[in-house]
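Scroll down for the structure; my scribbles are underneath it.
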Amino acid sequence: MGKVGVLSVQGDFARHRHVFHDLGIETQEVRVPEDLVECDRIVLPGGESTTIGMLMERTGLLTTLKAEIRAGLPAWGTCAGMILLAREVEGGSGPRLDILDVTVRRNAFGRQVHSFESDVEVEGVGTVTAVFIRAPIVTRVGAGVKVLSTVSEGVVAVREGNVLATSFHPELTGDPRVHEWFASL
Ligand code: GLN
């Protein structure tokens, strides 16, 4: 088995690596295209999607990663990572991978509600505690996209083939089931 690449240009990457480490799964910090060589999947963590996109564009990682994901590399974006994968972002945003056929709205849970927790049902995983931090919501789902989880505000987890995206942060709860599931895809 190859390593799980964790995009490590900005944001919440260290926590993702800890979860995989605790599961006995080797990870690789990904900052430049060469870092992808030994990876058989990639995690795009939370953070600031505009900053991450700009930094990825600068290093050429945006182009390389887009090609790899198109070619079948399993990818999972959490929060800002979901925004980076999305085809469309309401109100626009910077450079993105533009590969998951959904529209997302950034900071969709209201400006004053920066962070909250809620139990959500994720198809294929079960009930998980979801931590939302200035989280996006999916407002449009393309024909090939499967909805995995919905809350009253809208869709918060989707899958399109090899691409998985969650609005929330499973790396922050101490519950490794979503990581385990992604590693087994
Ligand atoms: N609001 C951030 C963005 O738009 C995402 C927040 C997060 O990843 N926790 O990029």
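For residues in segment 128-150 being more than 16 Å from the ligand (Cβ to nearest atom) and surrounded by 18 or more Cβ atoms within 10 Å (Cβ to Cβ), which is farthest from Cys79 (Cα to Cα)? By that ranking, first place goes to Val145. When restricted to residues that are more than 11 Å from the ligand (Cβ to nearest atom) and touching a helix residue (DSSP H, G or I) at 6+ places or on another chain (Cβ under 8 Å), segment 86-95 contains 1.
Counting the residues of segment 83-127 that are in a loop (DSSP other than H, G, I, E, B), among the β-branched types (Val, Ile, Thr) and surrounded by 14 or more Cβ atoms within 10 Å (Cβ to Cβ) gives 2. Taken residue by residue, segment 150-168 has no member that is more than 19 Å from Gly5 (Cβ to Cβ), touching a His at 6+ places or on another chain (Cβ under 6 Å) and of a type in the set (A, V, I, L, M). Of Leu73, Leu55, all but one fail to be out of contact with any strand residue (DSSP E or B) (no Cβ under 9 Å at 6 or more places or on another chain) and touching a residue at least 12 places away in the same chain (Cβ under 8 Å); the exception is Leu55. Inside segment 13-24, residues that are buried (at least 19 other Cβ atoms within 10 Å of the Cβ) and of a type outside the set (Lys, Arg) make up a count of 4.
No lab work stands behind these numbers, since they all come straight from the coordinates. If you're wondering where the values come from, they're calculated on a predicted model, not measured in any experiment. Reconstructed Cβ throughout: ideal geometry from the backbone, glycine too, with neighbour counts over all protein chains shown.
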